[in-house]
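**Student:** The structure that follows is given in the form of structure tokens.
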Amino acid sequence: MFPFGDYLQVLKLYSVIAFVLWIPPLIPKWNKLVVRLNTKKIENKKKLVKIFFFFSFVIILIAIILINLFNMRLFRLDFENTDQEALFFTFFALFTFMLMPVVMGLVVATAYISYSEHPKWGDFLVILFASGALGMAGSFYHDVLWCGTRTEWYTIESLGGYDFDVWQIVVNVDSYDYRLLGISQGTLALFLVIYAIILFHKLGKVSGNTLNQKKKLELTLFCMFFVFFFGFFLFIIDSHWIFDANVTIHALFLGIPLIVFLCYQIGRILKNNNQIKN
């Protein structure tokens, strides 16, 4: 039986997180704060862009290396015991499923300011948080797919192991059921997408650069592609029992650069709209 009690526990926590994220952008004082930040232009733009892009490159490179060392289809390390494997998994998951998705958001925000004539801190931070949320949504969408394959698409119980350790501490549940993990992360992914939509909507209002219909469509499509493709590529490189080495290599060395390119294009769309309106 599906652990409904544990899901309600997780849902309460994720709902609190969602409202903590959603409510501030809907308060007038939040708008005033962004407007105030927009009075301060980003100085030394070229230097800042180089730093952000270099940082993004390093995080993505480390994630790719860790993926190669953990995936059984690539160059997986031999672990002496479960404790070593669990420790390595922690670093692998941190860089692959947490830091890399957030860095994808940084790529969007950096692409936005890199070609803006007068980039402002308020716009940069709003775009960073919105696109970072989309990156995390893509990571959690990967969980939905991954857990789905382990549970015959949520029809049977399948139990995990050390991969639940950190998550159990965060959400305060004892279940090891992959059905619970997948549905919970899917819920959080939806909440983050809504948060990103709110921020992108508010961005136009506070900056005075309302997106026209064409730009709204372009931005929506790129964001959808980003979440689904990013989540799908993460699913491929994390599912060695389904995909062979050839597919895994293509997802890792072609898929991840494609996602970076999509992030860059999202930043370009936002920049172009800003340029037109100003």
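**Student:** Would you tally the residues in region 230-269 being more than 25 Å from residue 109 (Cα to Cα), of a type in the set (S, T, N, Q) and assigned to a helix (DSSP H, G or I)?
**Tutor:** The total comes to 2.
**Student:** Residue pairs, Cβ under 6 Å, 6 or more apart or interchain, first in region 205-223 and in a helix (DSSP H, G or I), second of a type outside the set (A, V, I, L, M, F, W, C) and modelled with pLDDT under 65. List them.
**Tutor:** 215/273
**Student:** Among the numbered conditions (1) touching a residue at least 12 places away in the same chain (Cβ under 8 Å); (2) out of contact with any strand residue (DSSP E or B) (no Cβ under 8 Å at 6 or more places or on another chain); (3) not small (Gly, Ala, Ser), tell me where residue 76 comes up short.
**Tutor:** (1)
**Student:** Quickly run through region 54-80 and pick out the residues that are outside any helix (DSSP H, G or I) and over 17 Å from residue 236 (Cβ atoms). Give the derivation first.
**Tutor:** To start, the set of residues in region 54-80 that are outside any helix (DSSP H, G or I) comprises 71-80.
Across region 54-80, the qualifying residues are 77, 78, 79, 80.
**Student:** How many residues, within region 36-53, are farther than 26 Å from residue 100 by Cβ and not in a strand (DSSP E or B)?
**Tutor:** Initially, region 36-53 is screened for residues farther than 26 Å from residue 100 by Cβ, giving 36-41, 43-44.
Applying the additional criterion that residues be not in a strand (DSSP E or B) yields 36-40, 43-44.
Matching residues across region 36-53 total 7.
**Student:** Please give the number of the condition residue 94 fails out of (1) in contact (Cβ under 8 Å) with a residue 40 or more places away in the chain; (2) within 28 Å of residue 197 (Cα to Cα).
**Tutor:** Unmet condition: (1).
**Student:** Give me the residue from region 113-145 that is part of a helix (DSSP H, G or I) and polar (S, T, N, Q) and, out of that set, modelled with the lowest pLDDT. Show your work before the answer.
**Tutor:** Kept after step one, since they are part of a helix (DSSP H, G or I), are these residues of region 113-145: 113-114, 121-145.
From what is left, the residues that are polar (S, T, N, Q) are 114, 131, 139.
Values: 114: 88, 131: 94, 139: 96.
Selected residue: 114.
The values are calculated or read from the model by the stated rules, or taken from the named source; none is laboratory data. Please read all numbers here as calculations on a predicted model, not as lab measurements. Using ideal geometry, Cβ is built from the backbone for each residue, glycine included, and neighbour counts are taken over all protein chains shown.
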